[in-house]
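A quick write-up on the structure given underneath.
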Amino acid sequence: MTTFQGMNTKLLVALLVAVVLVTALYFWPTEAPEVVAPERPLIVGFVFVGSIGDAGWTFAHNQARLYIEENLPWVDTLFVESVPPGADFERVVREMIQQGATVIFGTSFGYMDFMVNLAQQNPNVKFMHATGFKTAPNLSTYFGRVEDPRFLSGMVAGLMTRNNRLGYVAAHPIPEVILGLNAFTQGARLVNPAATVQVVWTNVWFDPAKEREAAISLLDAGVDVIGQHQDSPAVQQAAQERGAFGTGNNSDMRFMAPRATLTGPVWNWAPFYVEVLESVRDNTWTSTQHRWAMPDIVDLGPFNEDLVPQPVRDRVLAKRQEIIDDTFFIFTGPIRDQAGTIRVPAGQRMPLTEMLAVDWLIEGVIGALPGR
């Protein structure tokens, strides 16, 4: 009896197991349900040529990076500051790629050839190069028509000078900087044909001590309004110490030298960076050469209303609108170089290809290109 009951119990258990298996097989889905994995963040690397505290070029780029961190939750950013062109730059970029970066922004003209090589070696990474002109299938360039607000700041300088002697502290003698110096001079002489612009070259982007030294040399020579293509406010601060005026660069430098800085070109990179990253996310990114006009990305900064009279502001803003409307082009001939040679014939616009490769100084500039 005990054996029979044990056998019945085993049979019952086996029967129940069989029922469960048959039921499971009957209702088992023919296809596995889709498993939605959490979206991986887009990792973006920023390589800055200067310090994020330079109050100028790198500061403006980093403000945009901070905007991305705050407003694009699907993006994680990496950044390294004060990276010179060369082996250090390549090392930094490779380390970022190892950390998962699939988009790299490089913010110095000097990075160009290194970015071309890195783009060739990393075809699955998208590279964005500020101020350069070389591209590849996965390498774009980006910049703004900063020569336009430099021209306007030159107008301000030409209207504010008391002795017609302007100064300009310039970084490297590359086309971007030469073009800006020529634009500043062109703007000053449009409103004040007697004005001249004396230039001093530092051969550095960011070195407050060198920038200040260059500015002092110009102020000692008698200039009373000084412009700059440098990344720190040292030039503006030197002008303030000497009771002179200045026009800043890259960001609003009025706060650094409130008794000297009249205005200056400023950047707002955030809209551009957002647009680029959204195109990467949406798989619509393509290699191109971005060159934004005013008032997008680049513009003339606020006037120092305590220093710049309203008639000066009105005149400059009217010309700004003509540039935006494309009824005025700042490099329309006749334009002569320092030697008096016509470089742009009367009535013609200087072609963009020549603007991006300019290697001569405009009439009204005092000083030479280094090494020439």
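For every residue, the table says whether it meets (1) of a type outside the set (Lys, Arg); (2) modelled with pLDDT under 95; (3) touching a Gly at 6+ places or on another chain (Cβ under 7 Å).
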site	(1), (2), (3)
Met253	yes, no, yes
Arg259	no, no, no
Val266	yes, no, yes
Arg281	no, no, no
Thr284	yes, no, no
Val298	yes, no, yes
- [ ] Filter the range 174-195 down to residues that are closer than 20 Å to Ala238 by Cα and either in a strand (DSSP E or B) or touching a helix residue (DSSP H, G or I) at 6+ places or on another chain (Cβ under 6 Å) (or both), then give me how many there are.
- [x] 1
Task: Unique residue being under 19 Å from Gly187 (Cβ atoms), of a type in the set (D, E, K, R) and not in a helix (DSSP H, G or I) when the list is Asp306, Asp326, Asp359, Asp314 - done: Asp326
Open item on the list: Suppose we keep only residues that are among the hydroxyl-bearing types (Ser, Thr, Tyr) and over 25 Å from Leu317 (Cα atoms) within the range 327-355. Which one would you say is surrounded by the most Cβ atoms within 10 Å (Cβ to Cβ)?
Closed with: Thr341
Open item on the list: Looking at the range 356-368 only, could you name the residues that are of a type outside the set (Gly, Ala, Ser) and either surrounded by fewer than 18 Cβ atoms within 10 Å (Cβ to Cβ) or touching a helix residue (DSSP H, G or I) at 6+ places or on another chain (Cβ under 6 Å) (or both)?
Closed with: Leu356, Val358, Asp359, Trp360, Ile362, Val365, Ile366
Task: Residue, surrounded by the fewest Cβ atoms within 10 Å (Cβ to Cβ), within the range 205-229, restricted to residues that are charged (D, E, K, R) and farther than 16 Å from Thr261 by Cα - done: Asp220
Task: Residue that is nearest to Val177 (Cα to Cα), among those in the range 362-371 that are modelled with pLDDT of 95 or more and part of a loop (DSSP other than H, G, I, E, B) - done: Leu369
Task: Filter result (in a helix (DSSP H, G or I) and charged (D, E, K, R)) within the range 329-356 - done: Glu354
TODO: Mind listing just one residue for me: the one in the range 124-136 that is surrounded by fewer than 18 Cβ atoms within 10 Å (Cβ to Cβ) and in contact with a helix residue (DSSP H, G or I) (Cβ under 8 Å, 6 or more places away or on another chain) and, of those, modelled with the lowest pLDDT?
DONE: Phe133
- [ ] Go through (1) crowded, with 20+ Cβ neighbours inside 10 Å; (2) farther than 30 Å from Arg313 by Cα; (3) in contact with a Phe, Trp or Tyr (Cβ under 6 Å, 6 or more places away or on another chain) one by one and return the number of the condition Gly154 breaks.
- [x] (2)
Open item on the list: Please pick out the residue among Arg150, Arg162 that is of a type in the set (Lys, Arg) and more than 24 Å from the chain's Cα centre (by Cα).
Closed with: Arg162
TODO: Could you identify the single residue in Ala214, Ala170, Ala221, Ala157 that is out of contact with any strand residue (DSSP E or B) (no Cβ under 6 Å at 6 or more places or on another chain) and of a type outside the set (Val, Ile, Thr)?
DONE: Ala221
- [ ] Determine whether Asp337 is among the charged types (D, E, K, R) and more than 18 Å from Gly154 (Cα to Cα).
- [x] no
Task: From the options Thr263, Thr288, residue that is touching a residue at least 40 places away in the same chain (Cβ under 8 Å) and surrounded by 18 or more Cβ atoms within 10 Å (Cβ to Cβ) - done: Thr263
Open item on the list: Restricting to the range 83-117, give me the number of residues that are under 11 Å from Gly45 (Cβ atoms), crowded, with 16+ Cβ neighbours inside 10 Å and not β-branched (Val, Ile, Thr).
Closed with: 4
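The values are calculated or read from the model by the stated rules, or taken from the named source; none is laboratory data. If you're wondering where the values come from, they're calculated on a predicted model, not measured in any experiment. Counting neighbours? That spans all protein chains shown, and the Cβs are built from the backbone with ideal geometry, glycine included.
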